[in-house]
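The block underneath contains the structure these notes are about, expressed in structure tokens.
The values are calculated or read from the model by the stated rules, or taken from the named source; none is laboratory data. Just so you know, these numbers come straight off a predicted model, no measurement behind them. Glycine also receives a Cβ, built like all others from the backbone with ideal geometry; neighbour counts cover every protein chain displayed.
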Amino acid sequence: MSHDDVTTVSVEISGSEITFETGKLAKQASGAVTVRQGDTIVLCTASTGRLKDFDFLPLTVDVEERSYAAGKIPGSFFKREGKAGEKATLTARMIDRPIRPLLPKNWRFETQVVAMPISVDHVHPYDILAMNGASAALTISSIPLPEPIGAVRIGKIDGTIVVNPPEESLLPGGESDLDLIVAGTADAILMVEAGANIVPEAEILDALDIAHGAIQKLVAAQLELRKLVGKDKVEHEGPSLDSKLLAKIKKSAAGKKIVKATEVVDKLDREDATNEAKDAAYAANAVEGDDEHNAAVKAVVNAIEKAAIRDRIAVQKVRPDGRAADEIRKITIETGTAPRTHGSALFTRGQTQALSVVSLGTLKEEMRLDTLGLETNRYYWHHYNFPPFSVGEAGRLGGPKRRDIGHGALAERALVPVVPSIEEFPYTIRVVSDILESNGSSSMASVCGSSLSLMAAGVPIKAPVAGIAMGLIKEGDDYIVLTDIAGVEDHLGDMDFKVTGTAEGITALQMDIKITGVTFEILRDALAQAKDARLEILGKMQKIIDSPNAELSKYAPRILSIKIDTEKIGMIIGKGGETIRALQEEFEAQIDINDDGTINVYSSSGAKGDALIERIGAMTRDVGLGDEFEGKVVKTTTFGAFVELMKGTDGLLHISNVSPGKRVDTVEEVLSQGDVIKVRVAELDRERGRIGLRLSDDPEIAGKTAEELKDLKKSGGPGGGRSGGGDRPPRRDGERSGGRREGSGGGERGGDRPPRRRERSGGRD
């Protein structure tokens, strides 16, 4: 419908309305569309610039997140948005990938698509709306996009396929076992991006079929919008080859040399041979000063190379390196490559090599996310680096490029279903994959390397994960699905289909299709072939390491956990944090305390970590009759010695018990303040907080159970009828002043009234 200059078109997808609106915002752009679902709104624009003398399509896609969209203020020092974050970068890539193949191959006008979320309701994720809005903006603009694309997300909740599930269900540990994003035209699927919780191949195919039905509705809505307000498209002829020039060069010796050069097996040797042959063909046919003719010669020379390789693969069924269609290149695996790291692995497949290294840290080192989404932190992540030397080139080193971020996110998504939760493994986990060599499918090598390095590090992953890249070459009715594609097969092929998973099912997918003739039968074949390859790679990995190492690296921090009564948290922290700081300094460790009473101890030494856990346990456990302690004498009196059993709790060792079997006149004859002795609880009055002690090696109580100690007290055992020697055990005063304990004077007055334990504020002992 249309009101004045504003035009809207709506479509219902899975019971929820998606609205496309134009004519209200950003009217100077060639195309501007606002897409809305619920209260999530994304403004998408498409604009063109100058004609560029490039030999590639000058398309740029940007996603500009604004914190105000989610009612947030940026967390940076300057309190404003900076460079695009990972979520924005990945969304931009998902917009670009299905659109780029549709634009004319020789379109040379600078083209920019911008998606800006202006309102986010945390129910409907903005990325799907941005993909549809970008297509709609291009569709109504003058830019020659031949047909619109639609995009949907597919989830799997309680075993049921759901179209565009709520954002909360997609969080780590959420309800959905599948996060599948699909984009395509009315006739074909062009792009797939997915994370899955070990989902079978058959269910993925069903999900793709359901997704395409919803995509067709979105495409129809955009075509309706174009019919109402669309601009005339710029007339632009697609690229065409000079048929006479093609025939001439193809028959020449230079043309035949190009075909022959493509048969060289080694990647670098083949590139050198084909470049030399192409340069010779160009030199023989170029005309000085005739740029148009020379451009045609260059196009023909490149076409001869491409046609020769594609024909040999699709028709003759011969791959550039001589492998069979379903053959995987030689694989070598090594773990422990970097000995001082927490875990490492070197995975080499053919001429692709990935070094993956694991670093373990404390939970305080988690990745904090300052995005528009619900997720605020992350405890496991993967980074991917692709230095220029990996392909034998010299280039600039700097921050990660969009491709690096995308490949890292794919590898991370592949391992998420098998990485343990922080409750199971309370570490922050970072994996870095450095690509040292590359000839196709380096992201899948990083998946395999990461799985191996995690197991080498002792991270208890649920199952190993492997990845494989599938390709497709289709010439007319002839086609071939290729396993483990090399670089040239990816560059000149029609499909790049990356599949990762365990032996049981798929954990991640990424697919880009460059042609429209890919049927569901071809996708089914590709998934089946990928499963066979994945199982083969998993078998090779298992021969090197078949399960996570039982022990962490000696260089990894030790993280131990203990759970205490929440009422005793204050005892560990101490006044102004005094106790926790002292513990951390004494044991050279870090202590994290959660509100539920879980205490995580991070220590560089396993022995110190164990000792600290033991100390915390002793400090917070309830004292029981018969319990033994190694305590420090904190005060001596005329009637006995006060022994610190744990922080905040003392007991009384009566003078009659300081030296079993021998009478002493003063405690100081046997004990001094600061002495550490082993004692046992022989009398306990919980109501009054009184604890009577005996030395652990006292023969009168040695070997007696708690029940026997109770009977000993009833029968008027040794020491004048009281296990404490006739005097009442003390209460813990809780405060010290110059080594004295408040209330101890009562015991000194007559030896018959030692202090009882004073109750602490807040009900804590």
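Computed values, structure above
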| item | result |
| --- | --- |
| Selection from region 488-516 of residues that are touching a strand residue (DSSP E or B) at 6+ places or on another chain (Cβ under 9 Å) and in a helix (DSSP H, G or I) | 489, 490, 492 |
| Residue 446 vs. criteria polar (S, T, N, Q), crowded, with 24+ Cβ neighbours inside 10 Å, farther than 24 Å from residue 528 by Cα and at pLDDT 95 or above | no |
| Residue count, region 636-680 (criterion: surrounded by 15 or more Cβ atoms within 10 Å (Cβ to Cβ) and either of a type in the set (Asp, Glu) or in contact with a Pro (Cβ under 9 Å, 6 or more places away or on another chain) (or both)) | 12 |
| Test: residue in region 178-191 that is part of a strand (DSSP E or B), over 29 Å from residue 100 (Cα atoms) and either touching a residue at least 60 places away in the same chain (Cβ under 8 Å) or outside the structural domain of residue 512 (by TED's automatic domain parsing) (or both) | no |
| Residues (free of Cβ contacts under 8 Å to residues at least 12 places away in the same chain and either in a strand (DSSP E or B) or of a type in the set (D, E, K, R) (or both)) located in region 421-476 | 423 |
| Members of region 119-142 that are under 12 Å from residue 37 (Cα atoms) and not in a helix (DSSP H, G or I) | 119, 120, 121, 122, 123, 124, 125 |
| Candidate set: region 278-311, residues that are over 50 Å from the mean Cα position of the chain (by Cα) and not charged (D, E, K, R); chosen: the one surrounded by the fewest Cβ atoms within 10 Å (Cβ to Cβ) | 289 |
| Failed item in (1) surrounded by 15 or more Cβ atoms within 10 Å (Cβ to Cβ); (2) in contact with a Lys or Arg (Cβ under 6 Å, 6 or more places away or on another chain); (3) closer than 29 Å to residue 692 by Cβ; (4) not aliphatic (A, V, I, L, M), with residue 587 passing the rest | (3) |
| Hits in region 283-319 - residues which are part of a loop (DSSP other than H, G, I, E, B), out of contact with any strand residue (DSSP E or B) (no Cβ under 6 Å at 6 or more places or on another chain) and among the β-branched types (Val, Ile, Thr) | 287, 318 |
| Test result for residue 312, out of contact with any helix residue (DSSP H, G or I) (no Cβ under 6 Å at 6 or more places or on another chain), charged (D, E, K, R), modelled with pLDDT of 90 or more and within 29 Å of residue 468 (Cα to Cα) | no |
| Subset of region 262-277 [surrounded by 13 or more Cβ atoms within 10 Å (Cβ to Cβ), in contact (Cβ under 8 Å) with a residue 40 or more places away in the chain and part of a helix (DSSP H, G or I)] | 267, 270 |
| Only listed residue being of a type in the set (Val, Ile, Thr), closer than 23 Å to residue 220 by Cα and surrounded by fewer than 17 Cβ atoms within 10 Å (Cβ to Cβ), chosen from 19, 60 | 19 |
| Of the criteria (1) surrounded by fewer than 17 Cβ atoms within 10 Å (Cβ to Cβ); (2) over 24 Å from residue 23 (Cα atoms); (3) not basic (Lys, Arg), which one residue 103 fails | (1) |
| Residue in region 517-528 that is part of a strand (DSSP E or B) and either under 30 Å from residue 272 (Cα atoms) or under 26 Å from the mean Cα position of the chain (by Cα) (or both) present | no |
| Unmet criterion (only one of (1) out of contact with any strand residue (DSSP E or B) (no Cβ under 6 Å at 6 or more places or on another chain); (2) in contact (Cβ under 8 Å) with a residue 40 or more places away in the chain) for residue 84 | (2) |
| Residue among 616, 599 that alone is assigned by TED's automatic domain parsing to the domain that holds residue 562, crowded, with 17+ Cβ neighbours inside 10 Å and farther than 15 Å from residue 362 by Cβ | 616 |
| Residue selected from region 551-582 under the condition small (Gly, Ala, Ser) and closer than 30 Å to residue 343 by Cα, by the criterion farthest from the chain's Cα centre (by Cα) | 561 |
| Identity of the residue in region 402-427, of a type in the set (Asp, Glu) and surrounded by fewer than 20 Cβ atoms within 10 Å (Cβ to Cβ), that ends up nearest to residue 364 (Cα to Cα) | 423 |
| So residue 459, is it at pLDDT 90 or above and in contact with an Asp or Glu (Cβ under 8 Å, 6 or more places away or on another chain) | no |
| Among the residues listed as 679, 664, the single one being outside any loop (DSSP other than H, G, I, E, B) and of a type in the set (Val, Ile, Thr) | 679 |
| Matching strands (runs of 3 or more DSSP E) fully within region 582-655 where at least 1 residues are touching a residue at least 40 places away in the same chain (Cβ under 8 Å), touching a His at 6+ places or on another chain (Cβ under 6 Å) and within 15 Å of residue 677 (Cβ to Cβ) | 640-646 |
| Selected residue (only one of 254, 280, 247 is of a type outside the set (S, T, N, Q), outside any loop (DSSP other than H, G, I, E, B), out of contact with any strand residue (DSSP E or B) (no Cβ under 8 Å at 6 or more places or on another chain) and free of Cβ contacts under 8 Å to residues at least 24 places away in the same chain) | 247 |
| Those residues of region 339-391 which are modelled with pLDDT of 90 or more, in a loop (DSSP other than H, G, I, E, B) and either outside the structural domain of residue 436 (by TED's automatic domain parsing) or surrounded by fewer than 17 Cβ atoms within 10 Å (Cβ to Cβ) (or both), in sequence order | 339, 340, 387 |
| Residue match in region 1-13 (condition: buried (at least 17 other Cβ atoms within 10 Å of the Cβ), within 31 Å of the chain's Cα centre (by Cα) and not in a loop (DSSP other than H, G, I, E, B)) | yes |
